[in-house]
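Worksheet: the structure to be examined is printed underneath.
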Amino acid sequence: MSMMYKSTRGSAVKLTSAQAIKKGIADDGGLYMPESIPRIDLDYIKKLAPMSYGKRAESVLSLYLDDYGKEALEKICKQAYSESRFGSNAAPVVKLSDAISVLELWHGPTSAFKDMALQIMPRLLSGALDMTKEKKTALILVATSGDTGKAALEGYRDVDGTKIMVFYPENGVSGIQKLQMCSQEGNNVNVVSIKGNFDDAQTGVKNIFSDDGIKTELEEKGVFLSSANSINWGRLAPQIVYYFSAYCDMANSGAIKIGEEINIAVPTGNFGNIFAAYMAKRMGLPIKKLICASNKNNILTDFINTGVYDRNREFYQTSSPSMDILISSNLERLLYALTDEATTRGLLEALSRDGRYEITSGLREKIQKEFYGDFCSEQMTAQTIKNTFERYGYLLDTHTATGLYCANEYINKTGDRTKMLCVSTASAYKFAPDVYKALAGAAEKDEFDASDKLYRLTKKEIPLPLAGLKEKRRIFTKSVGKSDMASEVLSFS
Ligand SMILES: *Cc1c(COP(=O)(O)O)cnc(C)c1O
């Protein structure tokens, strides 16, 4: 019996994991969730502890993606988390102090945590196309404001049965991000910039997805459209793995005993990463509290503390741009996991109608039992980077800094001495100007100069993919108006 997947909004259709991954989002607008959550015990963790990251991934994913079969999953995990892509440990845990450890999720090809899922999801999709005997090529369309575009390009390059096309706003991504994308290698990739902002790029992609004329034209060419969105179960499931892996590493190093509870702090945007931690908890991994860290866009902090989710508010651009989000799509999965389909549908309908919803006090208490919500200002982000380097010699990026700040706030306010695991989502060198400014007090706007200065100041190694970037050849230089996006897609297909 395979694990079956259902929409969070209540349609009766049940899919295998391969079908859910191929489909992405349900027809009723809901997200896919497993029909039941598999449970593990401490013996399971003991068996996992001596394994490599790839083997741990194979074991945890087999509980959810059982329709792939053991052999296929083994091959997929081995390729995705190979040493050539992630180094010897894909997700190492570094001890800051007796109380706090850091889980580094940025040792992949693009130096940010999206690689953890985007290195494996394309292979899961390719496997799903095989298993469902799909003859057409999947064309992945992505609109990006930065990190996701490059991570998706690296993940899908040269993967059988797929092509990938990324649109980014011409003046809306950092210089490093732009160079990362424009120098992308691979024989199935394309990158085009848009004369407009991120919203223009995203709206353009959405319009292409819902255009029946384009759909028919692509079909005749043997192509169908798919997305690399973080709401796809194929991105969420692989994120559960690293919480198991971190727990094993903490046990192996003696930081905890197997069975001992830990707290986990996660810098949060779309609620995907932290929801994966919640799934690990529901499966039986000993986790006490999940610290949901936001930046100045603190809609989730307000939600957890008041029960009101309200996106009628100002949007801020911050130094942790990957958390600058007012709609946390994966929160829908939490609502579903704690209530039912009808309640979830009602709340999400209210959100699209009124831009807000309010949950019952009963549900709010359930959420508060599992989650602690807090946020970190711009000033405290910089301060945390500086303090942490001075005190521990550890270099944080801006996103991770918000998580560590909220973790410390939690410890100070509650006195909870449970061991804390802080999730680190990017290399500091991906956000070098802000990190350098936080440490040195002086601005350096040029990203490569800021990287060099940051290196001279801290002597912390620059990740190889970023270090080699300056010399890379620019392959993609095309820029088009937003009305030309559809024709670009058709000519690439
Ligand atoms: C995407 C991202 C986040 C937010 O993760 P979610 O799963 O969207 O909550 C945090 N930090 C970095 C560096 C990211 O790229």
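Here is how the numbers come out for the structure above:
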read-out: Residues located in segment 397-426, provided they are within 16 Å of the ligand (Cβ to nearest atom) and farther than 15 Å from residue 319 by Cβ; value: 406, 407, 421, 422, 423, 424
read-out: In segment 243-272, residue nearest to residue 411 (Cα to Cα) [restricted to those that are in a loop (DSSP other than H, G, I, E, B) and either within 16 Å of the ligand (Cβ to nearest atom) or in contact with a Cys (Cβ under 8 Å, 6 or more places away or on another chain) (or both)]; value: 268
read-out: Residues of segment 146-175 classified as within 16 Å of the ligand (Cβ to nearest atom), closer than 20 Å to residue 480 by Cα and out of contact with any Asp or Glu (no Cβ under 8 Å at 6 or more places or on another chain), total; value: 8
read-out: Members of segment 89-113 that are within 11 Å of the ligand (Cβ to nearest atom) and of a type in the set (Val, Ile, Thr); value: 110
read-out: Among residues of segment 1-15, those that are hydroxyl-bearing (Ser, Thr, Tyr), assigned to a loop (DSSP other than H, G, I, E, B) and touching a residue at least 60 places away in the same chain (Cβ under 8 Å), counted; value: 2
read-out: Criterion violated by residue 348 - all others in (1) more than 22 Å from the chain's Cα centre (by Cα); (2) buried (at least 17 other Cβ atoms within 10 Å of the Cβ); (3) more than 16 Å from the ligand (Cβ to nearest atom); (4) over 20 Å from residue 281 (Cα atoms) satisfied; value: (1)
read-out: Conditions (1) in contact with a Gly (Cβ under 9 Å, 6 or more places away or on another chain); (2) surrounded by fewer than 21 Cβ atoms within 10 Å (Cβ to Cβ); (3) among the charged types (D, E, K, R); number of the one not met by residue 154; value: (2)
read-out: Checklist (1) hydroxyl-bearing (Ser, Thr, Tyr); (2) away from the ligand (no atom under 16 Å from the Cβ); (3) out of contact with any strand residue (DSSP E or B) (no Cβ under 7 Å at 6 or more places or on another chain) applied to residue 230, failing item; value: (2)
read-out: Close pairs (6 angstrom Cβ cut-off, 6 or more residues apart or separate chains): over 16 Å from residue 322 (Cα atoms) in segment 147-174, charged (D, E, K, R) and in a loop (DSSP other than H, G, I, E, B) anywhere; value: 170/195
read-out: Yes/no for residue 364 being assigned to a loop (DSSP other than H, G, I, E, B), more than 16 Å from the ligand (Cβ to nearest atom), over 19 Å from the mean Cα position of the chain (by Cα) and under 30 Å from residue 335 (Cα atoms); value: no
read-out: Residue among 359, 327 that is within 16 Å of the ligand (Cβ to nearest atom) and β-branched (Val, Ile, Thr); value: 327
read-out: Single residue of 251, 276 found to be at pLDDT 95 or above and crowded, with 22+ Cβ neighbours inside 10 Å; value: 276
read-out: Segment 129-155: number of residues that are in a helix (DSSP H, G or I) and not aliphatic (A, V, I, L, M); value: 7
read-out: Set 262, 258, 287, 291: member being within 26 Å of residue 378 (Cβ to Cβ) and touching a residue at least 12 places away in the same chain (Cβ under 8 Å); value: 291
read-out: Counted residues, segment 291-332 - those being over 17 Å from residue 346 (Cα atoms), not in a helix (DSSP H, G or I) and not charged (D, E, K, R); value: 16
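The values are calculated or read from the model by the stated rules, or taken from the named source; none is laboratory data. Every value quoted in this text rests on a predicted model; they were computed, and no experiment measured them. No Cβ is skipped: glycine too gets one built from the backbone with ideal geometry, and neighbour counts run over all protein chains shown.
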